[in-house]
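The structure appears right after this line, and notes come after that.
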Amino acid sequence: MAGLALAVATALPAMAQRPVTVPEVPLETLLKQDELPDLILGAEDAKVTVVEYASLTCGHCMNFHTKVFPELKTKYVDTGKVRWIYRDFPLDPRAIAGAMLARCAAGEEVNTDRALAMIDALFHKQADWAFVKTNPTQALFDVAKQTGFTQERFDKCLTDEALLQKITAIYTRAAETFGVNATPSFFIDGKRLQAAPSVEEFEKALDPLLAGG
């Protein structure tokens, strides 16, 4: 991953330069995504849209996806009430490698289920690859194999410069335009969730919107 790490180190903007959060973004602006098709769960005509920015090496993101999101998905997404959009905001080279693998898993037709299966596997196996002192390439491949990657496909994915630039562009817009400076970050119909992302806090934010309040 040496070449990838170098590319990412030069591609990602410095977070310290963007300390200001943006409390609210027009939903139409937030949903504009040109570089890569969004990874979307839920009904297209859902009453509320949530946009999440996450880093695959973020411990809080892992906790949210493994312990909080399943309950939210059952209550709001699977019932057609909420449309959930996942976007990568990689904080380091390992996170961007994981993001690239998820996108490669999705394929050209952008199969969201395959992409999210990779993301789920990476979060559940985070301790095996995100924080180890040794080169994480083999650990990443072990996870990727579970979702059908061959060694050739794995290597090709992690050296895809065009994909790297697209993910970097998504990161840059999130930081510069939407004020994202931490993960996970959530926008509910364009309004940033300021509280900790617990089931209870999402209920406080979502239920009044769904009730028409």
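The values are calculated or read from the model by the stated rules, or taken from the named source; none is laboratory data. Worth saying up front: this structure is predicted, and the values here are computed from it rather than measured. Cβ atoms come from the backbone with ideal geometry, glycine included; neighbour counts cover every protein chain shown. With ligands, DNA and RNA removed, areas are computed over all heavy atoms of the protein, side chains included. Shrake-Rupley method; radii C 1.70, N 1.55, O 1.52, S 1.80 Å.
Data overview
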quantity	calculated
Of all residues making up the range 45-61, the number that are out of contact with any Lys or Arg (no Cβ under 7 Å at 6 or more places or on another chain) and open to solvent by 30 Å² or more (accessible area, probe 1.4 Å)	3
Residue pairs meeting the criteria (Cβ under 8 Å; at least 6 apart or on separate chains; first in contact (Cβ under 8 Å) with a residue 24 or more places away in the chain, in the range 77-106; second open to solvent by less than 10 Å² (accessible area, probe 1.4 Å) and of a type in the set (D, E, K, R))	84/52; 85/52; 86/52; 87/52
Exclusive hit being at pLDDT 90 or above, open to solvent by less than 40 Å² (accessible area, probe 1.4 Å), within 14 Å of residue 168 (Cβ to Cβ) and in contact with a strand residue (DSSP E or B) (Cβ under 9 Å, 6 or more places away or on another chain), set 89, 64, 69	89
Residue within the range 142-164 that is within 27 Å of residue 82 (Cβ to Cβ), aliphatic (A, V, I, L, M), touching a Phe, Trp or Tyr at 6+ places or on another chain (Cβ under 9 Å) and crowded, with 19+ Cβ neighbours inside 10 Å present	no
Qualifying position, being closer than 24 Å to residue 30 by Cα and in a loop (DSSP other than H, G, I, E, B), among 98, 80	80
Only one of 102, 54, 121 that is closer than 22 Å to residue 132 by Cβ and more than 10 Å from the chain's Cα centre (by Cα)	121
Qualifying residues in the range 165-202 (those that are among the charged types (D, E, K, R) and in contact (Cβ under 8 Å) with a residue 24 or more places away in the chain) - the one least open to solvent (accessible area, probe 1.4 Å)	192
Search result, residues across the range 43-61 that are of a type in the set (Gly, Ala, Ser) and either closer than 18 Å to residue 88 by Cα or modelled with pLDDT under 95 (or both)	54, 55, 59
Condition met for residue 73 (assigned to a helix (DSSP H, G or I) and in contact with a Leu (Cβ under 6 Å, 6 or more places away or on another chain))	no
Failed item, numbered, when residue 206 is tested on (1) touching a residue at least 60 places away in the same chain (Cβ under 8 Å); (2) open to solvent by 60 Å² or more (accessible area, probe 1.4 Å)	(2)
